[in-house]
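Structure first, commentary second.
The numbers here are math on the coordinates, done by the rules we state, and not lab data. As the structure is a prediction and not an experimental result, all values here were calculated from the model. Neighbour counts run over all protein chains shown; Cβ positions are idealised from the backbone, glycine included.
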Amino acid sequence: MSQGLFELRKDAITSWWVATVVDRTFARERFALRSAPIDDRGDCFNCRIPTGDGIRLRVLKDFAFTVAGTEEEARQRDASVAQVTIDEARAAGSWRTVVAPPGEHRPLHAVGSDVIEALLRRSRDEIAASRAADRTAYLQVVQNWGAQAGARTNHLCFDLYDLPQIPHRIAEELGGAARFLIREGECPYCRLVRDEVRRPERLLYADANAVAFAPWASRSPFEVWVVPRRHDADFARASDADIAAAADALRHVLGQLAGVLDGPPFNLVLHSAPLREQVDATYHWHWEIHPRLREIAGLELGTGLPVNPVSPEDAVGELRGEPVPAGAAVQPGR
């Protein structure tokens, strides 16, 4: 019988399911993938716009999003039409990028601590500014590295999307975390930090301030979360010490990924509290790293069920240089 046994794993926070392949021997050549550079024809806009030598903020779109086709508008028009005209569209949000100093085209783990921390601090400050402006619902911070991950530049930068609505993934986490708190009496992310350190088969990094691990129900191969030990829902309230700790953890994990997977493309995503909601007791800001190592197939597209061809235990074993035999028993996630 061919290998490919799916183990269905349930995310303890969102209650979403993931199909994890647990009986296939890990083959590095299937996943090691070097990030592809962007053909910028020798002209990197982020090196020269805006002018200056340090960390800079570049505004790409003042109003990047429009609402087109609400349910109410569809009912008021023909039922088959769910789109409004351009002049009726309501513009909101913005698209900005926090750019590293001119000429900085190295990956995040390869630059100095000062640059990483400065990028994180400026992202933190922009979240606080968006909350004070009170014009949008959520500010999403992402880093896309490599053409395969959707990067549009070789320059080291963080993109900021000021969104008029709370993203679906964040909303599911918020609801799941609130239910977990009611049921268990504590924040689920604080529970994860404690459990992953105590049961280290998915643990990649831990110090006095932060923990990095592959989640039990990892949606993609070599997915890693970086979670601070100190509970706080809002990254905008992160202290400089919190920023330094997150920078150290990100550098460590991304360095491991680069060494084992030949410097892969990845998406680095911040999950933080919405701008207009108080979720201090239930939510917990954290970073997610998703290496982009493969294409999704029909099962995932048709069902919305993520299929992870590498168990998180095997992935962590590879990253730590201690591969776990395929099919080895693991303790239940939750």
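Numbers below:
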read-out	value
Within the stretch 130-248, strands (runs of 3 or more DSSP E) holding 2 or more residues that are on the phi < 0 side of the Ramachandran plot and surrounded by 22 or more Cβ atoms within 10 Å (Cβ to Cβ)	138-145, 157-163, 210-213, 224-228
Sole residue being in a loop (DSSP other than H, G, I, E, B) and either under 16 Å from residue 31 (Cα atoms) or among the charged types (D, E, K, R) (or both), chosen from 259, 263	263
